[in-house]
Amino acid sequence: MTAAALDDPALIQLITERTRAAGSSFYWGMRLLEPRRRLAMYAVYAFCREVDDIADEPARPEEKISGLDRWRGEIDAIYAGRPTEPLGRALVGPVAEFSLAREDFMAVIDGCAMDARAETLRPDAATLDLYCDRVACAVGRLSVRVFGEPGPIGLTVAAALGRALQLTNILRDLREDADLGRLYLPDELLTAHGIAGRDPNAVLAHPALPAVCAELGAQARRYFDEADRAMRQSSRRAMRPARLMEAMYRNLLDRMAAADWRTVDTRVRVPSALKLWYVLRHGLV
């Protein structure tokens, strides 16, 4: 397999449809990239969705871990030039062209394994940070290489923006995660506000929950600010997708804060018209 692997129409269709079907805001960020970088990001995103779906499927933990282990083997096969899965074949070209790091793909799998083993039920702050690094910052490290900003500044963006986006996701998806038996709010913060227990639904019903969310939201905002400072030192064109995601997720954070964090049972969204404005704004710079 060579970097020409993504010239295969069947592989292009596979990763494009997988990315579009996810319905994620990230799709619009990827659309701002030139075609070869866009297809590379589609392949990376399709991989992320694949392993995330394994962690979320209604199966026993050992079955999920087995599925994730198969993907560890596939990543090894990709780097050995012998992928067996269609998605693995789609990743060969991007891996070679953009020098994507094997350890970042493995980190994403490790993060999904934490979900599969329920290691993210009221984690301590260090475990939550490790989780964010694996499921978000590692994706960021892959992404900035594809964007064309692989150096130290790009890695700073990946670290800060990855954490900002993931913490915002956690705050937005509290109810959805609770329905899966998950609670990502850190133990130290819950304890500081007098919230005991490991039952996600009981924690979400506690009157001190908005104060917890406000503190975690402030942490996310600090990461957004750090990412913004780093992006000002980066290639503006390369960072267009990252700036678009920053704008959309800052808006989500602002909407939850404006509602005093009483949004547990409301799916907070960026209005379509505002999304379009962000796409136009960041796509034309």
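What follows draws every value from the coordinates through simple rules; no lab data is involved. Keep in mind it's a predicted model, so treat the numbers as computed, not measured. Glycine also receives a Cβ, built like all others from the backbone with ideal geometry; neighbour counts cover every protein chain displayed.
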Rounded Å value of the spacing that divides the Cα centres of the stretch 229-280 and the stretch 19-63: 19 Å
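Figure the gain on full extension for residue 208 and residue 99 (residue separation times 0.36 nm, minus the Cα-Cα span) and round it to one decimal in nm.
Working: separation 109, 0.36 × 109 = 39.24 nm, distance 4.61 nm.
Length gained between residue 208 and residue 99: 34.6 nm.
Net charge within 10 Å of residue 172 by Cβ-Cβ distance, Lys/Arg positive one each and Asp/Glu negative one each, not counting residue 172 itself? Write out the running numbers ahead of the final one.
Numbers: positive: 175, 255, 267, 269; negative: 173, 176, 177.
Charge balance in the 10 Å sphere: +1.
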The chain: calculated mean residue ellipticity at 222 nm from DSSP helix runs of at least 4, using -39500 (n - 2.57): -22000 deg cm²/dmol
Point-to-point label distance, residue 258-residue 235, nm (Cα→Cβ direction, 7 Å offset): 3.5 nm
